[in-house]
Structure formats: structure tokens, C-alpha cells
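The values are calculated or read from the model by the stated rules, or taken from the named source; none is laboratory data. Bear in mind the structure is a predicted one, so any value in this text is a computation, not a measurement. Because the Cβ atoms are built from the backbone with ideal geometry, glycine has one as well, and the counts that use them run over all protein chains shown. These accessible areas exclude ligands, DNA and RNA; they are computed on the full protein's heavy atoms, side chains included. Shrake-Rupley method; radii C 1.70, N 1.55, O 1.52, S 1.80 Å.
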Amino acid sequence: MRFGHFDDEAREYVITTPHTPYPWINYLGSQEFFSLISHQAGGYSFYRDARMRRLTRYRYNNVPTDTGGRYLYVNDGGDVWTPSYLPVKAELDHFETRHGLGYTRITGERRGVRVETLYFVPNGENAEIQRITVTNTSDAAKTLMLFTFVEFALWNALDDQTNYQRNLSVGEVEVEMDSPYGSAIYHKTEYRERRNHYAVHAVNVRAAGYDTDREAFTGEYNGLYDPQVPLSGVSGNSIAYGWYPMGSLSVPVELAPGESRVITVVLGYLENPEDQKWADDAHQVINKAPAHELLAKFATTEQVDAAFAELGASWTELLSRYSVRSTDPKLDRMVNIWNQYQCMVTFNMSRSASYFETGIGRGMGFRDSTQDILGFVHLVPERARERILDVAATQFPDGSAYHQYQPLTKRGNLDVGSGFNDDPLWLVAAVAAYLKETGDYSILDEQVAFDNDDALADTLFEHLTRSFQYTVTHKGPHGLPLIGRADWNDCLNLNCFSSTPGESFQTTENQSGGVAESVFIGAQFVLYGADYAAIAERYGQADVAAAARTEIAAMKATVEDSGWDGKWFRRAYDFYGTPIGTDEDTEGKIFIEPQGVAVMAGIGVTSTDPTTPEFAASKAATALDSVGEMLGCEHGLSLVYPGYTTYRLNMGEITTYPPGYKENGGIFCHNNPWVIIGETVLGRGDRAFDYYKRITPAYREDISEVHKLEPYVYAQMIAGKQAARMGEAKNSFLTGTAAWTFVAASQYLLGVRPDYEGLVVDPQIGPEVPEFTVTRVVRGATYEITVRNSGTPGARARLTVDGNPIEGRLVPYAAPGTTVRVDCTV
Ligand code: GLC
Ligand code: GLC
């Protein structure tokens, strides 16, 4: 069952009913100002950091779900409704939400009044714009009163939800009914003391009235679904003194039959330099100059339309760097539009703010942000460069790293600290992706702080060396890397031993024994160690590269030996040196993570010709066959099977989830692409594409009532085959799945990937996609790649470049500005 449809031409998903199985959301803004917006206008806005600079309120855990947002109430002769359906829930004659790239358009119609609101954050602006078009679709004149609504958060989102003894006394606002550009409400809580920033909520016409006090607006004991002011049709002109500051402006609208009117609403974030904070000597009236400057830019509909057109043009430009035309529209819309869009969102948000992440718990994750770069670097390489340097600065001198940092301060987060032993190697992955994309080796010479301390700064190359060396110097009894608090799987906590309720599994180490080892990190070391060596070589350090390769070869042998269980790779060794992920166990026999990454790293790959007996006997093929058999179901590949049914003290959080959910045997989509890529390494594109389709939302659209979440973006997890509600997704949008499925689809299934010296063309997608064309812009040149694909297992590409057959699958980089034609036959 569907709740809407894709509009590929417009690059939109069109939701045709408010009654989706869960709020389906979108993100506005891609630089510093961000808003979350659901298909019912729920959500909130923040500047740079969802925890430290929250502009508006949203209540997680609310009943009903998804109340709190930017709303517009319509009073049509006493009939009060909201075009976004929520919060009033008056029945609509027509409802449609179009989520597009950085914008959302919600249309509601009732009793002859249609209201269409376009929400977006213009490029380069710290503001959410609403362009509201009200149309009289009836044959009688209409006299309406519109009421805007936002509720201000007191900036620090955590404090805002916990510190009521203070917060209910500090709220302050100013109202400017005759602003030069209409009417405006200013939220200035804490501006008198240490803050130099405020928010503005404005309309571009002279409002009839205002409210800034939430209780005056709703009336005592009322909610957002029956607020007194819109019901009465008259603003209360209330001023908030503490309690709950909000913003509402009322706008009268008279419309003849068929007539339309456009009104603009702005929510902006402004800062003043310390010495220009005030407009008066008594320091009571804020300096509104920057707000006026902002409002001047969106005073007319033409200005708003121009800013919106620019947003669309910038997305067209961004998406031109990788595009495919194939016979499969679902593949095309994911690769060309939605997956790249999600990569932008994950790059911006890391795992901070979604409908499943409160924006309070986590800032930017070290391993999350570095992996996000893999799917983002081709979009805006300069921003990837800046991110790499920011992340690297949170690395410790010994090569380990802060697990998270706050985007506002860019400083490591002490609450979570360090000790996740996979973290350092992801930095190598990100830098390798950046170098392959750009060829900009100057980044390796950048001086980058350790532990955010400039006195400890050294080159980025030195950071990579310490990342690599961290694994070399932290090995356990089998010669495998020590796991620390956890590796990629945050829930595999082998030194935690927690029996105290509420203790954090990620930060508790009750028994650090220096024994628990990770096979996953071993494979990861082989995979990214190869990049480290390749980079060292190109950085003029041949001896460093050679020494690294010796280490890598040793680790490869160790993984093949101590990491092998017979039919698959083991997952780890616990605190006592007992294997995890072994056929000998009753539960948790096989884990997905080491299988995919080992094959990606070439471990156990002795043949890539699936027709040979040697292939069948290889550890790589054996491991991936086991994955398919033991972990597979129609909804994807589970993380582990069978899931654990009882709590195991020596394993930590993984055993806390019911079997089939999250890390305990959920389909944790992030790691499915590792197997997809692994299958392409082995020349089994048909299997790779099959696995891809199982988790990719556009292919799941028809079962939206089961999947439950947005059909246009990946979710972190789909309940696995042991779950009661198998196939149900959770945690949409902010997941490493975005970057990794884009890598898998664009670089391995379609097979076009930048390498150090040229563009590799090596499609492995099976027979279902017999023909396609990829356009790839890299290092300033354009590659038009036409593929004829038999899909035969084991078949590899033969290439003609500008009409000349070449050996191998590497197309050398061409001069910027040129177009290269590649014909590929598989
Ligand atoms: C979450 C974390 C990520 C981790 C994964 C598996 O998605 O953000 O860092 O790798 O869970 O535990
Ligand atoms: C929980 C989640 C995991 C996440 C971790 C850190 O363990 O299961 O996915 O990475 O919390 O927040």
C-alpha cells in the first residue's frame, strides 16, 4: 500500500494523505540554519547545533505524535482549521505534501479556501521562509483571519526541557508591529546577559495583532488543536514575561471568488557583535538592524521566488556530478535524487536531529561523519575537506579519538570520551575518498590540532599515521585488534560487564582486560591500511608504505586464520578469549559486519570467477554464501543470527534488544552495502543488486504500510526475521546507510568510481539492468559512460575510451573541461 507517489520530474515525493503510518519528514537548509519539517508541518529549527542553538520547540514522546511545529490557523467565518491537517485535524477536502530537495510544499483545502505553503531555507541565509498562497476556490467572497504560530525554545535544547525553575522566569520578547517590512516578533531570552543572538518571526504585511505568550494564545488548559486566539478570531496582543514565549501574528485576508493572495512568513536567526548589541543606551532594546536586513531580502514575492529558484538551480548543479539513465526508474530516482539528497542531510546532521534523534544526545560522530563523507565528497569537496580537518582535530596524540564533537564549538565531547577502536581507521577512509575525488594532496600538509590543542598540531598525514599505528600497537592475544569499548557495532561491549540499570554501555568499562579483540577491525585495517599505504607512497614515503604493507599482510593472515570459523568469519573474541560469532554458540552464530568488510578488503578472495571450483572453496565466497543463507530475508540481511534471547554480561548492549531489532538481528541497513560491495568484488552482481533492492526504499514503496517510514530515504533499521513486526523500519534519515548505499550503487553496482590515478569503470549489477549510461563529473572533466551489460556472473568490463580500446578498467583522468566517452561492455 502507498500513501503517495514519486514525481521524478519535479524531484519530489508527493504525499496525498495526512494519514501516513508515521510522520514523514524533510530537511530544510544545508549550510548553517536547519529545519525539520514533517508532512503535517511539525518539527523545529536550529542554527548549526541542534542542542546549543535551538530556535523552536518540538516535543518528542508527545501524544499524539508530531505536535509542535510551525502552523498556520485559518479562521473562515468561525470555522477554524489548519491546512497541514495537524494540529486542528479538521477534515480537509484536499491535502497534499510535496517533499522536495530542501523544501516542502503543503497544500490543504477546506470549504472553498485553499492554502498552499512553500517552506524553504534560502541558500546563504539563516532563516526559514514560508510562502503562503491563500486562494478562494468558492464562488462567494471570503473574509479570513490567518494566525501564524511558532513556539520559541530557550536556545539550549537540553536545558529547555529540564530546568524549569529558571526557564519559566527568563523568557523575553519584543514586538514591532510597524517594522519597515511588515510586523515582527523578536525572541531575545538571555540576550541581556551572555548571548548575542536572537530570533525573529515576521510577516511581510502589517499584522492585525500578535501574541507572544503561549497561554494567552491557547487559553488555559487548551492545546494547539483548540487554541483560543484562532478560535475567537482576534489576537490577544499578549506579551510574554517568562513562562512560554511564542510568536503569532494575525493577518486579515479578504478574497473575491477565484482570488489569491501571497504572504511571506520569516523565521530568522541573527547575531550582533558584542559592541552593537543594543539600540538604546539603557540596554533594553535589541539592535534589530540585522533582522531588518534579512526581512528586506524577502519583502516581496518576487524576492522569495528568486531565492527559491536559486535553491533549485543549486541542486541541479550538485546532482549533475553523478547521474544514471537506466531501464529501472527506481534505481534512477534513488541514485540521481534521493540517495544523494540523503547524503547531504547526513553530512549536515551526522546523527544529531531527526524524528528519532533529539538533537540533544549526540553531536557529530567521529566514525559517523567520516563515513558520511564517502557519499558526500563528490557533491561539495571543499566542505568535505573542512569536515575532515575538523574531525581530525578531535583525535588524540596516541591516534585514538573523541567519539563525538559539538558542531558549534568543534570540540570533542568529554561525556562520551574515547575508546572506540575502529574510529581512527575511518579517518583514513574519509581522506582516501577525498584524495581520489579531488587529487588535492595539499590536504595532507595541513597542520591539524590533536585533542583540539593547536600546540599539539601536526600534519594531516601524521594524523593518518597515528590512526594506522593505533591498530598496530593495540592488538590482543590472537594478534587481532583490541576492540576497546566497541567497534563499528556500538552495542558489542566486551569490556563493559554492566549489571547496573541505566549505566551507559558505550562509556562503561568495568573490566578492561586488554584481551577482547575485533575481527571486524582486523578486516577494516586491511581495507583502509591499503589506502594508507597508497597515500604514503604518493606522499613520498615509500618506506612507510612498505612497512605498512608488511603489517597489513600479517593482519590479513591473522584474520584468515584466527578470524575464520569454518563457514564464515568470526566476529570477535571476548574478555575471556572465547570466540563470538561462531557455529559453536547456540545464538549469535554469524554476524554480518566482518563478512562484507573482509571480502571488500580482499581477505579470502582467491578467485573471482564464480564458475570455478576454486571460487566455491574460497573463504570469501563461502562467507558470503553463509550470509545469504543465514542472515537473508525478503527485507534485507540481518546483523546477526540467531539473535540473543538472554542478556549476556560479557557482550553488553547487543543482547539487550529483543531478537530481530537493532544490533541484535535487526536488518541494520548500514552494513548491507558492505555485503553488496563484497558480492561485486566476487563478480556476483545479480546477488548484489538483489540485496540492494531489498533495503532500498523506492523498491519498498508498495509495502509502505509494513515499512512504515518514508519511501524516499533509507532507515537505519528494518525489523529482522525474528521480529514480531518484521519489515517495519525505524530511525529514518540519519544513518550511514545513506553514504554506503550510494557508494555501493554508484561505485560498485553501476561501477564508476574515482581512484588515485583515474576513473575505474567496473559495473557488476546482474542481468536485470541490461543497458545504462552514467555521467560523472570528476576533477573538472566529464565522463559519459555507456554500458552494455550481459550480467553474466564473473564477467568483467571491457572498455573503449574515445573510440580506442584500453587494457584494464582504469580510465586515466582527463584535462579539466574535456568530455570523455567511454563504451563499456560487460
Ligand atoms: C549507530 C551509530 C553508529 C554505529 C551503529 C552501529 O548508527 O551512529 O556509529 O556504528 O549504530 O552500532
Ligand atoms: C545504541 C544504539 C546504537 C547507537 C548507540 C549510541 O547502542 O543501539 O545504534 O549507535 O546507542 O548512541
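Residues considered: THR500, THR438, THR507. Of these, the only one that is surrounded by fewer than 23 Cβ atoms within 10 Å (Cβ to Cβ), hydroxyl-bearing (Ser, Thr, Tyr) and within 16 Å of ligand 1 (Cβ to nearest atom) is THR507. Against the list (1) within 16 Å of ligand 1 (Cβ to nearest atom); (2) open to solvent by 10 Å² or more (accessible area, probe 1.4 Å), the condition ARG687 fails is (1).
Please name all residue pairs, on different chains or six or more residues apart, with Cβ atoms under 6 Å, provided the first residue is in region 557-571 and is farther than 15 Å from ALA601 by Cβ and the second residue is among the aromatic types (Phe, Trp, Tyr) and not in a helix (DSSP H, G or I). From region 557-571, the pairs are ARG571/PHE591. Pairs linking a residue in region 641-670 that is of a type in the set (Asp, Glu) to a residue that is not in a loop (DSSP other than H, G, I, E, B), with Cβ atoms under 7 Å and 6 or more positions apart or on different chains, are GLU663/ILE654. Taking the criterion of being touching a Lys or Arg at 6+ places or on another chain (Cβ under 9 Å), open to solvent by 10 Å² or more (accessible area, probe 1.4 Å) and part of a strand (DSSP E or B), the residues of region 155-177 that qualify are VAL173, GLU174, GLU176, MET177.
GLY68 satisfies every condition listed in (1) touching a residue at least 60 places away in the same chain (Cβ under 8 Å); (2) at negative phi; (3) out of contact with any Ser or Thr (no Cβ under 6 Å at 6 or more places or on another chain) except (2). Quick check: is even one residue across region 395-403 polar (S, T, N, Q), open to solvent by less than 10 Å² (accessible area, probe 1.4 Å) and farther than 20 Å from VAL345 by Cα? Yes. Against the list (1) out of contact with any helix residue (DSSP H, G or I) (no Cβ under 9 Å at 6 or more places or on another chain); (2) under 21 Å from LEU55 (Cα atoms); (3) surrounded by fewer than 20 Cβ atoms within 10 Å (Cβ to Cβ), the condition ALA299 fails is (2). Could you tell me whether any residue of region 615-624 is under 26 Å from the mean Cα position of the chain (by Cα), surrounded by 23 or more Cβ atoms within 10 Å (Cβ to Cβ), of a type outside the set (Val, Ile, Thr) and away from ligand 1 (no atom under 16 Å from the Cβ)? No: region 615-624 contains no residue that is under 26 Å from the mean Cα position of the chain (by Cα), surrounded by 23 or more Cβ atoms within 10 Å (Cβ to Cβ), of a type outside the set (Val, Ile, Thr) and away from ligand 1 (no atom under 16 Å from the Cβ).
Taking the stated definitions as given, is GLU310 at pLDDT 95 or above, within 16 Å of ligand 1 (Cβ to nearest atom), of a type in the set (Asp, Glu) and open to solvent by 10 Å² or more (accessible area, probe 1.4 Å)? No, not satisfied.
Is there a residue in region 448-465 that is under 30 Å from GLY577 (Cα atoms), of a type in the set (Phe, Trp, Tyr) and more than 16 Å from ligand 2 (Cβ to nearest atom)? Break it down stepwise before answering.
Step one: filter region 448-465 for residues under 30 Å from GLY577 (Cα atoms), giving 464-465.
Checking the rest, the ones that are also of a type in the set (Phe, Trp, Tyr) come to none.
No; the residues of region 448-465 include none that is under 30 Å from GLY577 (Cα atoms), of a type in the set (Phe, Trp, Tyr) and more than 16 Å from ligand 2 (Cβ to nearest atom).
Look at (1) closer than 30 Å to ILE765 by Cβ; (2) among the basic types (Lys, Arg); (3) away from ligand 1 (no atom under 16 Å from the Cβ); (4) in a helix (DSSP H, G or I) and you find that ARG385 fails only one, number (1). In this entry, TYR73 is excluded by the filter for residues that are in a loop (DSSP other than H, G, I, E, B), in contact (Cβ under 8 Å) with a residue 12 or more places away in the chain, among the aromatic types (Phe, Trp, Tyr) and out of contact with any Gly (no Cβ under 7 Å at 6 or more places or on another chain). Filtering region 546-558 to residues that are surrounded by fewer than 18 Cβ atoms within 10 Å (Cβ to Cβ) and more than 25 Å from SER626 (Cβ to Cβ) leaves ALA546, ALA547, ARG549, THR550, ALA553, ALA554. In the set (1) in contact (Cβ under 8 Å) with a residue 12 or more places away in the chain; (2) under 29 Å from the mean Cα position of the chain (by Cα); (3) within 15 Å of ligand 2 (Cβ to nearest atom), SER498 fails one condition alone, (2).
Quick grid of which residues meet (1) farther than 21 Å from GLY417 by Cα; (2) more than 16 Å from ligand 2 (Cβ to nearest atom); (3) part of a helix (DSSP H, G or I); (4) in contact with a Lys or Arg (Cβ under 8 Å, 6 or more places away or on another chain):
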{"residue": "GLU503", "(1), (2), (3), (4)": "no, no, no, no"}
{"residue": "GLN506", "(1), (2), (3), (4)": "no, no, no, yes"}
{"residue": "GLN511", "(1), (2), (3), (4)": "no, yes, no, no"}
{"residue": "GLY522", "(1), (2), (3), (4)": "yes, yes, yes, no"}
{"residue": "TYR528", "(1), (2), (3), (4)": "yes, yes, yes, no"}
{"residue": "ALA533", "(1), (2), (3), (4)": "yes, yes, yes, yes"}
{"residue": "ALA536", "(1), (2), (3), (4)": "yes, yes, yes, no"}
{"residue": "GLY540", "(1), (2), (3), (4)": "yes, yes, no, no"}
{"residue": "THR550", "(1), (2), (3), (4)": "yes, yes, yes, no"}
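For a quick check of your reading of the model, give me the residue pairs whose first member lies in region 757-779 and is at positive phi and at pLDDT below 95, whose second is surrounded by fewer than 18 Cβ atoms within 10 Å (Cβ to Cβ) and not β-branched (Val, Ile, Thr), with beta-carbon atoms closer than 8 Å and at least 6 apart or on different chains. As it stands, the answer is none, since no pair meets every condition given.
Of the residues ASP561, ASP543, ASP531, which single one is surrounded by fewer than 19 Cβ atoms within 10 Å (Cβ to Cβ) and farther than 27 Å from GLY652 by Cα?
Within the list ASP561, ASP543, ASP531, the selection yields ASP543.
For region 228-242, does any single residue satisfy the condition of being open to solvent by 60 Å² or more (accessible area, probe 1.4 Å) and touching a Leu at 6+ places or on another chain (Cβ under 6 Å)? No - not one qualifying residue is present in region 228-242.
Taken over region 461-491, the criterion of being β-branched (Val, Ile, Thr) and part of a loop (DSSP other than H, G, I, E, B) is satisfied by THR473, ILE483. Within region 730-757, the set of residues being touching a His at 6+ places or on another chain (Cβ under 7 Å) and either open to solvent by 20 Å² or more (accessible area, probe 1.4 Å) or not hydrophobic (A, V, I, L, M, F, W, C) (or both) comprises THR735, GLY736, THR737. Residues in region 21-44 include at least one that is at pLDDT below 95, over 15 Å from GLU357 (Cβ atoms) and open to solvent by less than 30 Å² (accessible area, probe 1.4 Å). Do we have any residue at all in region 6-14 that's in a loop (DSSP other than H, G, I, E, B) and open to solvent by less than 30 Å² (accessible area, probe 1.4 Å)? Checked against the condition, which is being in a loop (DSSP other than H, G, I, E, B) and open to solvent by less than 30 Å² (accessible area, probe 1.4 Å), region 6-14 yields no hits at all. Would you mind stating whether TYR85 is closer than 18 Å to ILE132 by Cα, open to solvent by 10 Å² or more (accessible area, probe 1.4 Å), in a loop (DSSP other than H, G, I, E, B) and not basic (Lys, Arg)? In short, yes.
Working only within region 731-781, note down all residues that are over 16 Å from ARG333 (Cα atoms), assigned to a loop (DSSP other than H, G, I, E, B) and aliphatic (A, V, I, L, M). Passing the criteria: LEU734, ILE765. Looking only at region 331-366, residues that are part of a helix (DSSP H, G or I), open to solvent by 10 Å² or more (accessible area, probe 1.4 Å) and within 16 Å of ligand 2 (Cβ to nearest atom) come to 0 in all.
Of all the criteria given as (1) within 25 Å of the chain's Cα centre (by Cα); (2) over 30 Å from VAL559 (Cα atoms); (3) at pLDDT below 95, the one not satisfied by THR438 is (3).
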